[in-house]
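Enquirer: Sharing a structure with you now.
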Amino acid sequence: MDKNEKRKEIIAALDKSNNDSFSLLLEKKNTNIIELDVLESLEGNINLGILLEKGFNQLEILRFSPGNITSLTNIPQRIKTVTISDNLLEEIELPDSIEYIDLAHNCLKGEIDFIRNTLLTTIQISYNQITSIVNLSESLEELFCDHNLLHSLDLKNTPKLRTLHCNYNDAKFVLNDLPDTLIDTRFPENIIQTDNKKTKTPKNYLDSVRTYFNYKNR
């Protein structure tokens, strides 16, 4: 069963927010903690509004184990890091305070817009079904968006980007305004790279980039 079918099955089986296990876990924790690791595999909708209700006002880092979480709602504005890879998320609303996200191996679809998330430095969204990524943060340093359905990627506002993994996307993937700050890259074999004014020959350009990084990593 693929993730989409599994997600439908989980949602059909649950007719309300599935916060019971999460609530019990919180009862065993000190409310002054900054980091919370959820080791138990959870499923269904997890409403994080319960964190503030129970007094977890200092929390900044949330890490969820692989499971069957179909939605994560009401993430507190104080949260800086969210790791929730290998679950069943189809969408997520991130707080303005977010700096690091790991949403790899979920069911994210369509366009992902980061217009509110100006503090983001790391985005890990590999292995989803994303077709477009827009409004990337100027603070962004690492972007992992491989194994998606991206048609193009605009990097003109990413002056600090050091890592870019964008292989395994659309067969005619277009990469716009590649910054010269990159030190770790994984590109598709066949892409078109542009610089706003003209289109460069993909093969020659990428061969040069790969040669450069191979030499640099010796």
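Derivation of every value follows stated rules applied to the coordinates shown; laboratory data play no part. Just so you know, these numbers come straight off a predicted model, no measurement behind them. Heads up, the Cβs are rebuilt from the backbone with ideal geometry, glycines too, and the neighbour counts pull from every protein chain shown.
Enquirer: What is the extension gain from LEU149 to LYS28, computed as 0.36 nm multiplied by their sequence separation minus the C-alpha to C-alpha distance, in nm to one decimal?
Expert: 39.4 nm
Enquirer: Got a sec? How would VAL134, VAL38 order by Cβ neighbour count within 10 Å, fewest to most?
Expert: Lowest to highest Cβ neighbour count: VAL134, VAL38.
Enquirer: Here's another thing I want to ask about it. Tell me whether the range 51-122 comes out rounded, prolate or oblate; compute the Cα gyration tensor, take square roots of the eigenvalues as a ≥ b ≥ c, and use a/c under 1.5 as the rounded threshold.
Expert: Since a/c reaches 1.5 but b/c is at least a/b, the shape of the range 51-122 is classed as oblate.
Enquirer: What is the spread of the Cα atoms of the range 9-148 along each of their three principal axes, largest first, in whole Å?
Expert: 38, 35, 20
Enquirer: Compute the length gained on full extension between ASP170 and SER139: take 0.36 nm times their separation in residues and subtract their Cα-Cα distance, giving the result in nm to one decimal.
Expert: Fully extending the segment from ASP170 to SER139 adds 8.5 nm.
Enquirer: Which cross-chain or sequence-distant (5 or more) residues have an amide H under 5 Å from the amide H of ASN45, H modelled 1.01 Å from N in plane?
Expert: ASN18, THR70, SER71
Enquirer: Sticking with this structure for a sec: If we count other beta carbons within 10 Å of each Cβ, what is the order of LEU62, LEU24, LEU164, fewest first?
Expert: Neighbour counts put them in this order, fewest first: LEU24, LEU62, LEU164.
Enquirer: Based on the Cβ-Cβ distance from SER97 to GLU5, what FRET efficiency comes out when R0 is 35 Å, to the nearest 0.05?
Expert: 0.55
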